[in-house]
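Here is the structure we will look at, set down as structure tokens.
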Amino acid sequence: MTKHHASVILDLTDVTYIDSTALGCFIWLRKLVRERHGGSVRLVGLSPHLRRVFEITGLNLIFDMEQS
């Protein structure tokens, strides 16, 4: 059986607010995609404010992030 690698790209362009519940969901999704599918989660379209939230929480170290 061939193992398929899944990549998830989340476009956060229209997101203006994020809370700890959403951050927890991102972490859960990353764990699920990595463990079950050998893939990755990439976050795109982050505003400077959202990027700062990820930096403060240290999540910028575990997520691939792009501004566009």
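Among residues of the range 23-41 that are free of Cβ contacts under 8 Å to residues at least 40 places away in the same chain, those with a Cβ under 6 angstrom from a residue that is loosely packed, with under 13 Cβ neighbours inside 10 Å, sequence gap 6+ or separate chain, pair up as GLY38/HIS5; GLY39/HIS5; GLY39/SER7; SER40/SER7. Taken together, the residues in the range 4-33 that are surrounded by 15 or more Cβ atoms within 10 Å (Cβ to Cβ) and touching a Ser or Thr at 6+ places or on another chain (Cβ under 7 Å) amount to 1. Residues of the range 34-58 that are basic (Lys, Arg) and surrounded by 13 or more Cβ atoms within 10 Å (Cβ to Cβ): ARG34, ARG42, ARG51. If the condition is being polar (S, T, N, Q) and not in a helix (DSSP H, G or I), then the range 50-68 contributes GLN67, SER68.
The sole residue among LEU46, LEU10 that is part of a loop (DSSP other than H, G, I, E, B), in contact (Cβ under 8 Å) with a residue 24 or more places away in the chain, touching a strand residue (DSSP E or B) at 6+ places or on another chain (Cβ under 7 Å) and not polar (S, T, N, Q) is LEU46.
Each value in this text was obtained by applying a stated rule to the coordinates, not by laboratory testing. This one's a predicted model, so the numbers in the text were calculated from it and none came from an experiment. Every residue, glycine as well, gets a Cβ built from its backbone with ideal geometry; the counts of neighbours run over all protein chains shown.
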